[in-house]
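Just below is one structure, and these are the notes that go with it.
The values are calculated or read from the model by the stated rules, or taken from the named source; none is laboratory data. Owing to the predicted nature of the structure, the values given are computational and were not obtained by experimental measurement. Neighbour counts are summed over all protein chains in view; Cβ atoms, including those assigned to glycine, are modelled from backbone coordinates with ideal geometry. Ligands, DNA and RNA are excluded from the accessible area calculation, which covers all protein heavy atoms including side chains. Shrake-Rupley method; radii C 1.70, N 1.55, O 1.52, S 1.80 Å.
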Amino acid sequence: DDMIRLQGGITITPKDAESAAKALAEYQKAGGGTMSTEAALSHPSKPPQIDGALDEWDFSKAVSVPAGPGRGGKAMAAYDDKFLYLAYQVADDSAFVNKGTDFAYLFKSGDLVDFILCTNPDADPKRKAGKGDLRLLFAPFQGKPTAIINQKVAEGGPSAPLKFASPGQSEEYDRVAILNDAQMAVKTTPDGYTLEAAVP
């Protein structure tokens with residue numbers, strides 16, 4: 001109920017400084033601090049093999065996604081006439097764990113990677129999701145990697161409406177569904193995981 005000023009101080013030892021330098025190095029290794037914010041989507045001469053290995057991707061051209069010391073990732077995308085291809089390299093000490101029981105709310109219950117596609121170049125960048133926008137989420141669900149699509153306005157696709165509700169607000173989506181025809185592969189490592197997907 002009240003605010004009071006506390007008296008005291010902080011002592012920073014050489015060991016503290018060493019720990020901070022180590023944490024900063026791990027953060028930068030995971031993509032933090034040197035963030036690339038733009039990457040061109042390539043049109044590969046042949047489709048990448050969806051195996052989670054990422055050998056066919058040049059991650060020196062990836063977009064970096066910092067998420068704090070020891071966490072973060074890099075992402076790439078490509079496309080052809082049939083698929084959108086996505087590749088992620090994630091640093092995480094609890095690799096690809098999501099204990100959610102409702103696929104529509106996996107974004108609240110654990111690990112995932114996502115891709116937000118905005119197909120209207122003239123749309124206001126500060127808008128809420130609307131016509132021409134979609135979000136693809138990739139997360140473990142019921143023991144296997146799963147792809148989910150969220151569309152505020154489902155243009156031409158099957159309807160699967162859902163209202164997301166919280167105590168302060170609610171928002172209706174035309175389509176929130178599992179994409180059974182998406183291909184996915186995940187490989188975990190001691191310090192993270194890689195994920196590869198092909199979405200029709």
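Restricting to the range 141-154, and then to whatever is in a strand (DSSP E or B) and open to solvent by 30 Å² or more (accessible area, probe 1.4 Å), can you tell me which residue is nearest to residue 114 (Cα to Cα)? Steps first, please.
At the first step, the residues of the range 141-154 found to be in a strand (DSSP E or B) are 141, 144-151.
Within this subset, residues satisfying the condition of being open to solvent by 30 Å² or more (accessible area, probe 1.4 Å) are 144-145.
Values: 144: 16, 145: 13 Å.
Per the criteria, the residue is 145.
For the range 37-64, which residues satisfy the criterion of being more than 21 Å from residue 192 (Cβ to Cβ) and either touching a strand residue (DSSP E or B) at 6+ places or on another chain (Cβ under 6 Å) or among the basic types (Lys, Arg) (or both)?
Start the filter on the range 37-64 by keeping residues that are more than 21 Å from residue 192 (Cβ to Cβ), which leaves 37-38, 40-47.
Scanning the range 37-64 gives 41, 42, 44, 46.
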Next on the checklist: I'd like the full set of residues that are under 14 Å from the mean Cα position of the chain (by Cα) and in contact (Cβ under 8 Å) with a residue 12 or more places away in the chain, limited to the range 100-114.
Outcome noted: 106, 107, 110, 111, 112, 113, 114
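Name the residue that is farthest from the chain's Cα centre (by Cα), counting only residues in the range 82-99 that are surrounded by 15 or more Cβ atoms within 10 Å (Cβ to Cβ) and part of a loop (DSSP other than H, G, I, E, B). Spell out the reasoning first.
Filtering the range 82-99 for residues surrounded by 15 or more Cβ atoms within 10 Å (Cβ to Cβ) gives 83-92, 95-96, 98.
Remaining after also requiring part of a loop (DSSP other than H, G, I, E, B): 83, 92, 95-96.
Values: 83: 19, 92: 12, 95: 13, 96: 11 Å.
Only one residue tops the list, namely 83.
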Item to check | Residue satisfying all of: in the range 155-200; among the acidic types (Asp, Glu) and open to solvent by 60 Å² or more (accessible area, probe 1.4 Å); nearest to the chain's Cα centre (by Cα) among these | outcome: 191
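The rows are residues; the columns are (1) at pLDDT 85 or above; (2) open to solvent by 60 Å² or more (accessible area, probe 1.4 Å); (3) of a type in the set (D, E, K, R).
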| position | (1), (2), (3) |
| --- | --- |
| 2 | yes, yes, yes |
| 11 | yes, yes, no |
| 30 | no, no, no |
| 61 | yes, yes, yes |
| 67 | no, no, no |
| 73 | yes, no, no |
Item to check | Complete set of residues in the range 100-122 that are open to solvent by 30 Å² or more (accessible area, probe 1.4 Å) and small (Gly, Ala, Ser) | outcome: 109, 110
Next on the checklist: Cβ contacts < 6 Å: first residue in contact (Cβ under 8 Å) with a residue 12 or more places away in the chain and part of a loop (DSSP other than H, G, I, E, B), restricted to the range 42-64; second residue open to solvent by less than 70 Å² (accessible area, probe 1.4 Å) and among the acidic types (Asp, Glu), any location; separation 6+ or different chain. Result?
Outcome noted: 50/196; 52/196
Checklist entry - List the pairs whose first member sits in the range 1-24 and is closer than 23 Å to residue 68 by Cα, whose second member is loosely packed, with under 10 Cβ neighbours inside 10 Å, and whose Cβ atoms are under 9 Å apart, counting only residues at least 6 apart or on separate chains? => result 20/12
Checklist entry - Out of all the residues in the range 182-192, is one or more modelled with pLDDT under 90 and not in a strand (DSSP E or B)? => result yes
Item to check | Top-ranked residue of the range 32-56 - restricted to ones that are hydroxyl-bearing (Ser, Thr, Tyr) and modelled with pLDDT under 85, ranked as farthest from residue 138 (Cα to Cα) | outcome: 34
